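Some notes on the structure that comes next.
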Amino acid sequence: MANYFSSNFTLGILGGGQLGKMLLYETRKFDIKTHVLDPSAEAPCRIACDLFQQGALMDFDTVYQFGKKVDLLTFEIEGVNVEALEKLESEGKKVYPSPKTLRTIQDKGLQKQFYQKHQIPTAPFQIFEHKALLLQALKDGVIALPFVWKSCTGGYDGRGVSIIRSKEDLTPLPQGPCIAEEMVPFKNELAVIVARNPSGEVKTYPVVEMEFHPVANQVEYVICPARIANDVAEKARQVAQKVSQSFEHVGLLAVELFQTELDDLLVNEVAPRPHNSGHFSIEASYTNQFEQHLRAILNLPLGKTASKVAGIMVNLVGEEGYSGEVVYQNIEKIMAMEGVTPHIYGKKETRPFRKMGHVTIIDEAVSRARKTAEIVKKTIRVISK
Ligand code: ADP
């Protein structure tokens, strides 16, 4: 086995955002050397890696040359040049998660077909090469209103998703390939993080629950453990594990699921990397998701995924109406509360809805953590000077 620790082994990370930054806490812990590539000179990762390179993640040559210089390549963002990763892999470079998986996940149509092929439960859907074909299908009664429109590529944080209630709702949407998916009457959105290493060792984290703001329809709290029945939680972990195994995935896979009114579980989508829904693990778990991702891609034994305490995560996003140099108003007030830890990503400028940080609340009792989380949410404000 390669010696990763205090050695010349170099891990390359594509993307230098907050996920990369939190991954670097763990490479520092293990004293593993890192190179990071990101288009922004101000990327959160710039201060904690051994070598920071500014460059375009979608550019073949930039990614290929960057990859040549490292021993193992991983990514913290899906928007990277897959052809370059495939070439590196064909030349014997280790790339985890695999470019093949990334290619499937980057396209929502391919991703859905993958679930179908592997008998993984997911909402019924149809794929359309372009918008005109979708409009025709609607006219012909092949698909019925309402449905969920999803762009096959480029969607992120809900931007490539639109609920279509009338034909007019399609007007502002782009022409490109898309899927039309049945609306799922869900009572909960859940997520399970699965870790798998090249030897095939697999571990799942406890199920988390996304609690939405009743009006704004934005995720307000990620709650671990999810407040659901044990058998549903067990089933969710099994489905997630099946997804990871079907991909023969290496690294972390975050599996997002809908829990329907009838307690069926449908896979919505996956992310092949550490994920927002796993941030609670830094404070609440025996092994946090970033350490686990390293263990998985380096083929080390996986760490224990159980929680030590209940954890709730609140995203810190830029408040509407504020742009410019960021101020975390009342941060000292939330830090005075027990079990509350803010994470500041290191972005100098705030913009409305930009992810600037998150706060974790831990407590022995999830109900008490939930109460504290609400106070945290009302107290801290991400504004500008
Ligand atoms: P993104 O990749 O942008 O995160 P998602 O596929 O996760 O997009 O969709 C964003 C949100 O839209 C989901 O979290 C869910 O609330 C809603 N949504 C997505 N698909 C469906 C569906 N089939 N039925 C009902 N709501 C859906």
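Here, each number is a calculation from the coordinates, and none is a lab measurement. No experiment lies behind these values; they were computed from the predicted model shown. Cβ placement follows ideal geometry from the backbone for every residue including glycine, while neighbour counts extend to all protein chains displayed.
In the range 107-168, which chymotrypsin sites (Phe, Trp or Tyr not before Pro) fall in coil by DSSP and have 12 or fewer other Cβ atoms within 10 Å?
156
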Bins of 10 Å, starting at 0 and running to the largest distance - Cα pair percent for the range 160-268
13, 36, 32, 16, 3, 0
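Checking a compactness column here: for the range 1-115, what do you get for Rg(Cα) / (2.2 N^0.38 Å), N being the number of residues?
The range 1-115 yields a ratio of 1.05.
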Among the listed pairs 93/235; 94/117; 21/117; 112/139; 69/117, which have their C-alpha atoms separated by more than 29 angstrom in this model?
93/235; 21/117; 69/117
Going by C-beta contacts inside 10 Å, put 252, 57 in order with the fewest on the left.
57, 252
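Report the GluC sites (Glu not before Pro) located in the range 292-385 that are in a DSSP loop and have at most 13 other Cβ atoms inside 10 Å of their Cβ, or state none. Before the final figure, lay out each step's value.
On the way: sites: 319, 320, 325, 332, 338, 349, 364, 374; in loops: 319, 320, 338, 364.
For GluC sites (Glu not before Pro) across the range 292-385 that sit outside H, G, I, E and B with at most 13 neighbouring Cβ atoms in 10 Å, the list reads 320, 338, 364.
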Arrange the peptides 164-170, 221-227 so that the one whose residues have, on average, the most other Cβ atoms within 10 Å appears first.
221-227, 164-170
Computed over the range 103-231, Cα set: Rg, Dmax in Å
17.0, 51
q = 0.10, 0.13 Å⁻¹: log10 I(q)/I(0) that the Debye formula gives for the chain, counting C-alpha atoms only:
-0.67, -1.18
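Rounded, prolate or oblate: which one fits the range 66-149, using the alpha carbon gyration tensor with axes a ≥ b ≥ c (rounded when a/c is under 1.5, else prolate when a/b beats b/c, else oblate)? Display every interim value, and only then the final one.
Working: a/c = 3.68, a/b = 2.61, b/c = 1.41.
Prolate is the answer for the range 66-149, as a/c is 1.5 or above and a/b outweighs b/c.
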Summing +1 for each Lys or Arg and -1 for each Asp or Glu, what net charge is found among the other residues whose Cβ lies under 10 Å from the Cβ of residue 338?
0
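Expressed in nm to one decimal, what extension gain is obtained for the pair residue 129 and residue 341 from 0.36 nm per residue of sequence separation less their Cα-Cα distance?
Gain on stretching residue 129 to residue 341: 71.7 nm.
Based on the Cβ-Cβ distance from residue 41 to residue 163, what FRET efficiency comes out when R0 is 41 Å, to the nearest 0.05? Kindly include the intermediate steps, with their values, before the conclusion.
Values: r = 38 Å, r/R0 = 0.93.
So the FRET efficiency works out to roughly 0.60.
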log₁₀ I(q)/I(0) of the range 288-385 at q = 0.16, 0.19, 0.21 Å⁻¹, via Debye over equal Cα point scatterers, no solvent, to two decimals?
-0.75, -0.91, -0.99
On each of the three principal axes of the Cα atoms of the range 220-341, give max minus min coordinate, whole Å, ordered largest first.
45, 40, 30
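Work out the FRET efficiency for residue 50 and residue 3 from their Cβ-Cβ distance, taking R0 = 22 Å, and round it to the nearest 0.05.
Values: r = 16 Å, r/R0 = 0.75.
The computed FRET efficiency comes out at 0.85.
Fully extended, how many nm does the chain gain between residue 229 and residue 183 (0.36 nm per residue separation, minus their Cα-Cα distance)? Can you show the working numbers first?
Working: separation 46, 0.36 × 46 = 16.56 nm, distance 2.37 nm.
Once the chain is fully extended between residue 229 and residue 183, it gains 14.2 nm.
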Using DSSP to call loops (not H, G, I, E or B), can you name the GluC sites (Glu not before Pro) in the range 80-158 whose Cβ has at most 13 other Cβ atoms within 10 angstrom?
91, 129
Name all residues of the range 260-298 having a backbone nitrogen under 18 Å from the label point set 7 Å from the Cα of residue 110 along its Cα→Cβ direction, giving them as ranges.
269-273
